[in-house]
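Reading through the structure tokens given below for one structure.
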Amino acid sequence: MHRDGRAWPKRARCLVVVALCILLTCCGAARQAIEKEAGPVAEPTTETATAPTEPAPAATMIPEATPVPTAATVNLSGALAECRSAFPDQIAQAVARVSCVIKATDLVRPLLPFPELLDRENALRRALAEQVQTRTMSLLERNIQIQKLHSQLLEEERSRLSAAPADASKPPLAVTQWRQSNGESCGRLGGDSGTCY
């Protein structure tokens, strides 16, 4: 140590830098684990707009078909993880986040035996998001209402399925993910996990 006491502040700065490096490494590892758990995320495609010099005749315009996702390709958890990432503020961005969630759950809709149940859930989700964003309802109260409705919808689906002829096939993963979402834990403080939306 130097006589003038300059060595201690240097060591303290080095310790702070080392601690920050360790902290950043841990955060990065945690983020990778969360992304790995959420599943693969589709890469966004960017299209470049090119203006034609002459308008194309109407006869040659062929509408592009939107590919319908198959049951095997729908990853609800990954789509919802993208919504959480794009709109992290659940209060200030509630309406935009819910629009993203509804778009993500629309992928599951054709796979459900009773898609109108999802429509009812999304209608409530949209109405509650507006209240949360205007701060006329708390986020916790919104989560409780979604959780209660989701539970009722699952019960209605079970009763309808028991009245219908039995389908022995295993439901697609996205349907299972929807059914397992918005459980009781979502109605408690800190319920913003990957299954609460």
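The values are calculated or read from the model by the stated rules, or taken from the named source; none is laboratory data. As the structure is a computational prediction, the values presented were derived from the model and not from experiment. Here the Cβ positions follow ideal geometry from the backbone for every residue, glycine too, while neighbour counts run over all protein chains shown. Note: accessible area is taken over every heavy atom of the protein model, side chains too, but ligands, DNA and RNA are not part of it. Shrake-Rupley method; radii C 1.70, N 1.55, O 1.52, S 1.80 Å.
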Practice task
For VAL18, VAL74, give the ranking by accessible area with the largest first, probe 1.4 Å.
Solution key: VAL18, VAL74
Problem - Listed peptides 143-154, 83-94 by packing density, highest first (mean Cβ within 10 Å) - result: 143-154, 83-94
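Suppose accessible area is computed on protein heavy atoms with a 1.4 Å probe; arrange THR176, THR136 from highest to lowest.
On the way: THR176 40, THR136 100 Å².
Ranking THR176, THR136 by accessible area, largest first, yields THR136, THR176.
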Exercise for the section: Provide the solvent-accessible area of GLU130, counting protein heavy atoms only and rolling a 1.4 Å probe, rounded to the nearest 10 Å². Expected result: 100
Handout entry: Label point distance in nm, ALA7-LEU124, each placed 7 Å from Cα along Cα→Cβ
Key = 6.8
Handout entry: Two-site FRET efficiency, ALA92 against GLU155, from Cβ-Cβ distance with R₀ of 45 Å, rounded to 0.05
Key = 0.85
Completion exercise
The extension gain from GLN131 to PHE114, computed as 0.36 nm times the residue separation minus the Cα-Cα distance, is 3.4 nm
